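Engineer: Attaching a single structure in structure tokens format; questions to follow.
The values are calculated or read from the model by the stated rules, or taken from the named source; none is laboratory data. The structure displayed is predicted, hence computed values, not measured ones. Cβ placement follows ideal geometry from the backbone for every residue including glycine, while neighbour counts extend to all protein chains displayed. To get the accessible areas, we keep the full protein, side chains included, count just its heavy atoms, and leave off ligands, DNA and RNA. Shrake-Rupley method; radii C 1.70, N 1.55, O 1.52, S 1.80 Å.
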Amino acid sequence: MEVKIYDRDSEPLPRRPRAVALGLFDGLHLGHRAVISLAAGRELNGREEPLTVSAYTFRQPPGVLKDGACALCSDRQELLALGTLGVEELIRADFEAVKDLTPESFVEQVLCRELDARLVCCGFNYRFGKDGAGDAALLRELCASKGIAVAVAGAVEVDGETVSSSRIRRLIEQGEMEQASRLLGRPFVLDFPVSEGQKLGRRLGTPTINQRLPDRFVRPCFGVYASSVEVDGQTYYGVTNVGMRPTVAGGGDAVAAAPISETWIPDYSGDLYGREVPVTLVSFLRPEQRFSSVEELKQRIWRDGETVRERMCGGQRNETRAVLFDFDDTLQDRAAAFQKYIAFFLDKYFPELPPEEKQRRGEEMLHRNCRGYVDYPEFFRFLMKEWGWTHAPAAAALHRELQFRFPEYTTLFPDAVEVLTVLRQRGYRVGVITNGLSVQQNRKLDAAGIRPLLDIAVVSGDEQIHKPEPEIFRRTASRLGVPCPCCIFVGDHLVNDVQGAASAGMQPVFMNAVGVDTCPPGVREIRRLDELLEWL
């Protein structure tokens, strides 16, 4: 992804037709995702040439964000999240360079002249121009006169309330990490460089990694958290204290100049200084506390460690706390979705074919798709050769188009939303673990509209770990704060889902909606999702 800082002294941006998502994007939460998803994967005038997907935001100097608000994710987390949405170019503009432009001047100078925007996307409450004089309706009106299409994302609601950065910020400041992560659409992570501290933890036998929270970064509620820590591809449980120091009365340690996160990783030993270690704050344990002696502090740290170990690593299968799902052929009727994509594909590239030939080619595409377990560039090369398609786009271009357009035809099983809703009402944590390319699978989850119902969604393309590897299941459970034995995993693939979940210690359930495989002995089998509700 290209990242550009744009101010008065910058070189002109490269001239290229763009689909531009407008917004502050200070947290990349569910509402921001809805805006950016509108811009991703669009084409120039309906042809094969794709528009460059750009996110246009501000560098956020002091005063840009209202009410002393602070960012909800680090720069690294922002880039990772944007990448999962298919953004190719992040433009961080100097607010001072554009803040006095009228709405008309912003459209003319920035959108038309500088960005060559052909499609502009924003949220329902978007404001622009000097003193926020313009809104989404005016943006649509001004862009129409310039031949620029405008798409406006509606409000995204969770539990009847609109998702917003201020709402998430309040939750984090109150220590409500589970709810904040749900509204973000991903865990709340601290991944700042590890720096040297006072080494008190080492003297106590509980060495910690110290990460200073930058200026203008949201301040989590000071206190102790259960955390999930990732080091060199492995996931560990942690005990994290966020605060200012000191914790021992009269201890002599200097008070930190800014809030600091100190994480003890009981099962890990090694030097992590200077590295950016992702620490997910899973759940709040207790407020900050001052101790009368170092020994009293030591005993409390050890008790906190035991509490977190039991909460995140203990438990038995008969105390199910989370129900996790595969996506394709489990929550989604993938064959039905792919048939809709096939219809789009044939209508676009072969509009003159007789209906009988379109049907034949569609059946061939569905058959060779092998339920999605296919090398897609090779899949498209085969079609080119088999059909004598001499003027076809490159196989890589067709594959890219599939990643953006196939998710638009996502087709959930009829009872999927109801089952997820009822599980939440019964108090279970719910989530998805899916294999696949980052952009394609994330767009499917967004298009399905189920993210507001999920506590977690893990895509193998984001993690660089794929089912059936046990680590992807363990990582998901750790981020939820639920032991693997307390998780049920529902999936349709005998190896990736059933064997993978079992190898991580989860209880697998075989979803045999397609009816082509034989359920292994000792594994519960269902044909419909609502069967879960009958016995769980």
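Engineer: Among the residues in the stretch 77-88, are any under 30 Å from V432 (Cα atoms), open to solvent by 40 Å² or more (accessible area, probe 1.4 Å), outside any loop (DSSP other than H, G, I, E, B) and modelled with pLDDT of 95 or more?
Structural biologist: No; the residues of the stretch 77-88 include none that is under 30 Å from V432 (Cα atoms), open to solvent by 40 Å² or more (accessible area, probe 1.4 Å), outside any loop (DSSP other than H, G, I, E, B) and modelled with pLDDT of 95 or more.
Engineer: Out of (1) touching a residue at least 40 places away in the same chain (Cβ under 8 Å); (2) farther than 13 Å from T57 by Cβ; (3) of a type in the set (V, I, T), the odd one out for T102 is which?
Structural biologist: (1)
Yes or no, residue by residue, for (1) in contact with a Leu (Cβ under 9 Å, 6 or more places away or on another chain); (2) closer than 25 Å to R426 by Cβ; (3) at pLDDT below 95:
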residue: D253; (1), (2), (3): yes, no, yes
residue: E306; (1), (2), (3): no, no, yes
residue: F327; (1), (2), (3): yes, yes, no
residue: K340; (1), (2), (3): no, no, no
residue: F345; (1), (2), (3): yes, no, no
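Engineer: Considering only residues that are in a strand (DSSP E or B) and either touching a residue at least 60 places away in the same chain (Cβ under 8 Å) or not hydrophobic (A, V, I, L, M, F, W, C) (or both), look in the stretch 477-510 and name the one that is nearest to Y237 (Cα to Cα).
Structural biologist: To start, the set of residues in the stretch 477-510 that are in a strand (DSSP E or B) comprises 487-491, 507-510.
Those still in the list that are either touching a residue at least 60 places away in the same chain (Cβ under 8 Å) or not hydrophobic (A, V, I, L, M, F, W, C) (or both) too: 487-491, 507-508.
Numbers: C487: 17, I488: 20, F489: 21, V490: 24, G491: 26, Q507: 21, P508: 23 Å.
Restricting to residues being in a strand (DSSP E or B) and either touching a residue at least 60 places away in the same chain (Cβ under 8 Å) or not hydrophobic (A, V, I, L, M, F, W, C) (or both), the top hit is C487.
Engineer: Continuing with the same structure: Looking for whichever is surrounded by 21 or more Cβ atoms within 10 Å (Cβ to Cβ) and of a type outside the set (A, V, I, L, M) here; the options are G123, G132. Which one fits?
Structural biologist: G123
Engineer: Right, something else. Just give me the residues in the stretch 41-76 being within 26 Å of A180 (Cβ to Cβ) and modelled with pLDDT under 85, in sequence order.
Structural biologist: Residues satisfying the conditions are R59, Q60, P61, P62, G63, V64, L65, K66, D67, G68, A69, C70.
Engineer: Quick one: is R300 surrounded by fewer than 18 Cβ atoms within 10 Å (Cβ to Cβ) and under 25 Å from the mean Cα position of the chain (by Cα)? Step through it out loud before you land on a result.
Structural biologist: Numbers: surrounded by fewer than 18 Cβ atoms within 10 Å (Cβ to Cβ): yes; under 25 Å from the mean Cα position of the chain (by Cα): no.
No; evaluated as a whole, the condition is false for this residue.
Engineer: Next up: Is it the case that some residue within the stretch 309-320 is closer than 26 Å to L281 by Cβ and buried (at least 21 other Cβ atoms within 10 Å of the Cβ)?
Structural biologist: Checked against the condition, which is being closer than 26 Å to L281 by Cβ and buried (at least 21 other Cβ atoms within 10 Å of the Cβ), the stretch 309-320 yields at least one hit.
Engineer: Please find, within the stretch 89-135, the residue that is nearest to D75 (Cα to Cα) out of those that are among the acidic types (D, E) and either modelled with pLDDT of 95 or more or not in a helix (DSSP H, G or I) (or both).
Structural biologist: That would be E89.
Engineer: For R167, state whether it is touching a strand residue (DSSP E or B) at 6+ places or on another chain (Cβ under 6 Å) and either open to solvent by less than 70 Å² (accessible area, probe 1.4 Å) or in a loop (DSSP other than H, G, I, E, B) (or both).
Structural biologist: No.
Rundown of residues vs (1) within 17 Å of T320 (Cβ to Cβ); (2) surrounded by 19 or more Cβ atoms within 10 Å (Cβ to Cβ), yes/no style:
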site	(1), (2)
P407	no, yes
Q425	yes, no
Q441	no, yes
L445	no, yes
R451	no, yes
K467	no, yes
P483	yes, yes
C487	yes, yes
D492	no, yes
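Engineer: Between H399, H367, which is assigned to a helix (DSSP H, G or I), touching a Phe, Trp or Tyr at 6+ places or on another chain (Cβ under 8 Å) and more than 30 Å from C487 (Cβ to Cβ)?
Structural biologist: So the residue among H399, H367 that is assigned to a helix (DSSP H, G or I), touching a Phe, Trp or Tyr at 6+ places or on another chain (Cβ under 8 Å) and more than 30 Å from C487 (Cβ to Cβ) is H399.
Engineer: Run down R321, R309, R334, R360 and say which single residue is over 27 Å from D497 (Cβ atoms), touching a residue at least 24 places away in the same chain (Cβ under 8 Å) and basic (K, R).
Structural biologist: Residue meeting the stated conditions: R309.
Engineer: In the stretch 363-403, which residue that is under 17 Å from T434 (Cβ atoms), in contact (Cβ under 8 Å) with a residue 40 or more places away in the chain and not small (G, A, S) is surrounded by the most Cβ atoms within 10 Å (Cβ to Cβ)?
Structural biologist: Only one residue tops the list, namely Q403.
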